[in-house]
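First up is the structure itself, then whatever we jot down about it.
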Amino acid sequence: MRRSELVIICYFVYTSFLALLLPVSGPGAAIAVALNLTVIAAYSLLIYAGSHADYEALAVLRDWFPPLLVLMAYREMGWFAPRAHTYALERKWIVWDRVMLRDWGVHRAIEALGPFLPAILEIAYSLVYAIPYFALAMLYVYNAPRRAEKFLLILVIGALLSYAQFPFWPSEPPRLAFPGEDAPGFDTVFRRFNWFLLSGYSIHTSVFPSAHVSSAFSAAFGMMRALPEKPWVGRFLLAMAALIATATVYGRYHYMVDAAAGFAISVVALGAGLLLDRSPRP
C-alpha cells in the first residue's frame, strides 16, 4: 500500500468516528459510517488488485483515483454543517479582511486595470479541481509516472488535513456572512460561473482553513518534489496557487485567515511528505 493511499483510508476512518461522535445533518451516522466503510473496502480491493496483478491499467487507476476520493472527502464534510451559524468567528476574521482590502488598498490595486486581473483570479479559482490531474498528466508526459506517489502524498495530506478541521471551525464565507461587503467591482462571466458551481456543490460546514489554498500549494510543492528536472511545472503551479489564494479573499470566498492557514497547512504537508518519503517502509 502506498503511503498516500494509507492517508486516504485513515481519513475515511477518521470521518466515520466523527459521524458517530458529532451531529450529522446529512444521511445519518449509520449510513455515513456504512458509506465510508464501503469506500474503504472498494479502495482496498483496488489497491490489492493493483499490487498483485500485472495490469498497467490498474497502476494508472491507482495514480488517478486519489483526487476523486479527495473531492468525495470534501463533499462528506457537508454532513457536519451546523443547523445555524452564529457568525462569531466570521465577525473576528472580517476585521483583518477590511484592513487588507480597504486600508492597504488591495481591492483597488486588483481592479486598477479594469476587469482583466479580476477575471484571471476567477479563472484560477475555478481551475483548482483540475490542478491534480494536470500535475499527473505532466508526470506521464515526461515519462515519470512512478513518481506520482511523491506528488500524491503531499497533495492528499494538504487537502485532507484542511477538511479534517472543518467541523471544529463552523463558519460561512464572507460572500454569505457579509453579502455585498467589499464585493468585486466586476461581475465577469468567470465569477458567475464560480457562483454557479458554489450554489450547487459547496458545503456549509466551514471555510477555515482554506482547502483551495492548501490543495493548490500542496500540489505545487508536490510537483517540485516529484519533477525537479522540469522546474517550469512546479513554478507554474506555484503561480496558480498564489492566484488562487488571492482569488479566495478578493472574491469573498474566504477570509484572509483562511488563506493564511491553508498555506501553513501546505507547508506542514510538504514537511510530512518529505519525512514519510524518507522513512523506511514497514
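The values are calculated or read from the model by the stated rules, or taken from the named source; none is laboratory data. Keep in mind the model is a prediction, meaning the values are calculated, not measured. Methodologically, a virtual Cβ is constructed for each residue, glycine included, from the backbone with ideal geometry; neighbour enumeration extends over all protein chains shown.
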Please verify whether the range 47-57 includes one or more residues that are of a type outside the set (Lys, Arg) and in contact with a Pro (Cβ under 9 Å, 6 or more places away or on another chain). no
Which pairs do you get when a residue that is outside any helix (DSSP H, G or I), found in the range 62-73, comes within reach of a residue that is of a type in the set (Phe, Trp, Tyr), reach meaning Cβ atoms under 8 angstrom, with the pair 6+ apart or on two chains? Phe65/Tyr43
Residue among Ala119, Ala135 that alone is of a type in the set (A, V, I, L, M) and over 16 Å from Gly251 (Cβ atoms): Ala135
Close pairs from the range 211-239: first more than 12 Å from Leu155 (Cβ to Cβ), partner of a type in the set (S, T, N, Q), Cβ under 7 Å, at least 6 apart: His212/Thr248; Val213/Thr248
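Results for (1) of a type in the set (A, V, I, L, M); (2) touching a Leu at 6+ places or on another chain (Cβ under 6 Å); (3) surrounded by fewer than 18 Cβ atoms within 10 Å (Cβ to Cβ); (4) modelled with pLDDT under 95, shown as yes or no for each residue.
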{"residue": "Gly185", "(1), (2), (3), (4)": "no, no, yes, yes"}
{"residue": "Pro209", "(1), (2), (3), (4)": "no, no, no, no"}
{"residue": "Ser215", "(1), (2), (3), (4)": "no, no, no, no"}
{"residue": "Ala220", "(1), (2), (3), (4)": "yes, yes, no, no"}
{"residue": "Ala226", "(1), (2), (3), (4)": "yes, no, no, no"}
{"residue": "Glu229", "(1), (2), (3), (4)": "no, no, yes, no"}
{"residue": "Val233", "(1), (2), (3), (4)": "yes, yes, no, no"}
What's the total number of residues in the range 124-150 that are assigned to a helix (DSSP H, G or I) and either touching a Leu at 6+ places or on another chain (Cβ under 6 Å) or of a type outside the set (Val, Ile, Thr) (or both)? 18
Pick from the range 92-145 the residues that are among the hydroxyl-bearing types (Ser, Thr, Tyr) and touching a residue at least 12 places away in the same chain (Cβ under 8 Å): which of them is farthest from Trp195 (Cα to Cα)? Tyr142
Which ranges mark the helices (runs of 4 or more DSSP H) fully within the range 159-239 that have 2 or more residues being closer than 19 Å to Leu71 by Cα and within 12 Å of the chain's Cα centre (by Cα)? 211-226
Please pick out the residue among Ser4, Ser16 that is surrounded by 15 or more Cβ atoms within 10 Å (Cβ to Cβ), without any contact (Cβ under 8 Å) to a residue 24 or more places away in the chain and in a helix (DSSP H, G or I). Ser16
Among the numbered conditions (1) within 23 Å of Leu69 (Cα to Cα); (2) more than 17 Å from the chain's Cα centre (by Cα), tell me where Phe151 comes up short. (2)
Options Val249, Val268, Val257: the member that is over 27 Å from Tyr87 (Cα atoms) and touching a helix residue (DSSP H, G or I) at 6+ places or on another chain (Cβ under 8 Å): Val268
Of all residues in the range 59-89, how many are at pLDDT 90 or above, under 14 Å from Glu5 (Cα atoms) and surrounded by 15 or more Cβ atoms within 10 Å (Cβ to Cβ)? 9
